[in-house]
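Some notes on the structure that comes next.
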Amino acid sequence: MNILFKTVFTLVPATLMCCGGPLFAQNGKYVITGKLPAVNEKVYLGHEAGDKYVITDSTKVINGSFMFRGAVKQPGFYKLESKHLKNPIVFILENAAINVSKPDSVSPVVISGSPAHDVYMSFYNGPWKTITAKAGGIYGRLDQAEKAGKMDTATRAGLDREFRALDTLNIATVKQYVSRNPSSAGSAGIIYDRFISYPNFPVAEELYGMLTKEARQSDIGEQISTAIKTNAKTAKGKVAPAIAMPDKDGKIVKLSDFRGKYVLVDFWASWCSPCRRENPNVVAAYKKYHDKGFEILGVSLDSKKDAWLKAIAADGLTWTHVSDLQAWSNAAVKEYGVKAVPASFLLDPEGKVVGKDLRGEELNKTLAGIFK
């Protein structure tokens with residue numbers, strides 16, 4: 001933001017500024033105004049650009065108020081950040097007059113003026129609450145069973161059935177919502193959240209196809225397209241991307257070292273609770289099928305070696321482990337398009353993908369069919 005505009009902003013009465021924002025936005029540009037009383041220094045505007053996070057602008061908050069102006073080619077997710085904000089404020093930025101308000105540290109953020117963001121948040125404030133309510137009940141029963149030591153095969157199978165039913169409801173709910181809002185980048189954002197960040201690429205592709213050209217060409221739509229293309233690298237029958245990474249002792253281990261055996265490439269992390277809950281099942285599968293030619297290559301998204309090694313020992317993970325200790329910037333994570341953990345890829349003796357994200361009984365049934 002140039003010095004002249006900063007000066008004008010501090011002098012113009014608020015009533016005049018409210019009128020100027022919409023007029024400016026009508027010229028194919030955006031104006032972001034806001035109230036952040038808890039911030040008394042700079043606030044930064046940034047977004048993901050490919051594999052990098054880019055700060056696009058910054059301005060000082062004066063008497064709790066701030067303003068950004070500029071233009072974006074397409075709507076996309078942006079963040080407002082400051083050291084005085086506990087969490088970044090994430091919203092969909094488009095060329096419109098947008099207002100962001102957070103009255104104090106405990107009040108929720110209120111964002112208005114972006115039609116795409118309105119579509120996005122209307123889903124989470126409406127249909128999504130039904131999903132989370134049902135999920136909360138299932139996770140509650142899961143925790144109770146684990147704490148009581150009653151996680152037997154029958155209990156696990158019953159919970160797995162509940163999760164599958166929930167997933168079916170999730171898909172149907174998002175599909176219905178997207179069908180009502182096919183031209184909005186907000187719908188693209190929901191697809192990205194629900195089926196890219198938590199991978200279900202067949203569903204992501206179907207829903208992406210329901211979007212209009214306008215929504216597909218938004219920054220979020222293009223991110224979905226890129227993720228789908230990356231996922232195609234690990235489609236069934238494709239040779240999995242190469243991995244060469246240090247093990248616990250610093251020795252480089254290559255995925256190609258496992259040729260001739262079935263290998264599960266298991267992406268996980270010590271800080272990932274779902275990963276740690278799944279580990280006993282993976283341990284059981286390894287013990288049962290290792291002597292028959294089953295191997296596991298654990299790829300950790302940890303950044304601290306001590307935490308990584310401690311989790312390996314605590315969970316009894318006796319197979320080969322590698323990590324470059326770069327967390328989500330892990331080289332293999334990018335190559336495999338991993339957006340959430342746990343994530344896994346089962347490869348045949350030729351290094352070709354035969355299964356993805358096999359967990360619980362699904363992993364056991366797949367391996368039983370292979371090693372029958």
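Some notes on this structure:
- Note on the range 286-305: among residues that are free of Cβ contacts under 8 Å to residues at least 40 places away in the same chain and touching a strand residue (DSSP E or B) at 6+ places or on another chain (Cβ under 7 Å), the one that is surrounded by the most Cβ atoms within 10 Å (Cβ to Cβ) is S300.
- The range 107-122, residues that are surrounded by fewer than 22 Cβ atoms within 10 Å (Cβ to Cβ) and under 19 Å from the mean Cα position of the chain (by Cα): M121
- Filtering Y198, Y177 for residues that are out of contact with any Leu (no Cβ under 8 Å at 6 or more places or on another chain) and either under 30 Å from N279 (Cβ atoms) or not in a helix (DSSP H, G or I) (or both) leaves a single hit, Y198.
- The range 308-326 - residue that is of a type in the set (A, V, I, L, M) and in a loop (DSSP other than H, G, I, E, B) and, of those, least open to solvent (accessible area, probe 1.4 Å): L317
- Residues of the range 231-276 satisfying the condition of being basic (K, R), assigned to a loop (DSSP other than H, G, I, E, B) and touching a helix residue (DSSP H, G or I) at 6+ places or on another chain (Cβ under 8 Å): K233, K238, K248
- For the range 57-102, filtering for residues that are open to solvent by less than 10 Å² (accessible area, probe 1.4 Å), within 18 Å of G28 (Cβ to Cβ) and among the β-branched types (V, I, T) leaves 2.
- Qualifying residue in the range 133-146 (condition: under 29 Å from H47 (Cα atoms), surrounded by 14 or more Cβ atoms within 10 Å (Cβ to Cβ) and either in contact (Cβ under 8 Å) with a residue 60 or more places away in the chain or under 21 Å from the mean Cα position of the chain (by Cα) (or both)): no
- Selection count, the range 180-215, where residues are closer than 25 Å to G113 by Cβ and surrounded by fewer than 19 Cβ atoms within 10 Å (Cβ to Cβ): 7
- Residue count for the range 74-102, restricted to those that are touching a residue at least 24 places away in the same chain (Cβ under 8 Å) and within 23 Å of D219 (Cα to Cα): 18.
- With respect to (1) touching a residue at least 40 places away in the same chain (Cβ under 8 Å); (2) under 30 Å from E214 (Cα atoms), the lone exception for Y53 is condition (1).
- Test result for D266, on the phi < 0 side of the Ramachandran plot, touching a strand residue (DSSP E or B) at 6+ places or on another chain (Cβ under 7 Å), open to solvent by less than 20 Å² (accessible area, probe 1.4 Å) and of a type outside the set (K, R): yes
- Residue in the range 247-261 that is of a type in the set (F, W, Y) and in contact with a Gly (Cβ under 9 Å, 6 or more places away or on another chain) present: yes
- The listed residue being within 18 Å of K102 (Cα to Cα), outside any strand (DSSP E or B), open to solvent by less than 20 Å² (accessible area, probe 1.4 Å) and at pLDDT 50 or above, out of V39, V31: V39
- Members of the range 170-179 found to be surrounded by 14 or more Cβ atoms within 10 Å (Cβ to Cβ) and over 16 Å from A215 (Cα atoms), listed by number: N170, I171, T173
The values are calculated or read from the model by the stated rules, or taken from the named source; none is laboratory data. Treat the numbers as computed from the prediction; the structure is a model and nothing was measured. Cβ sites come from the backbone with ideal geometry, for glycine too, and all protein chains shown count toward neighbours. Protein only, heavy atoms only, side chains kept; ligands, DNA and RNA dropped before computing areas. Shrake-Rupley method; radii C 1.70, N 1.55, O 1.52, S 1.80 Å.
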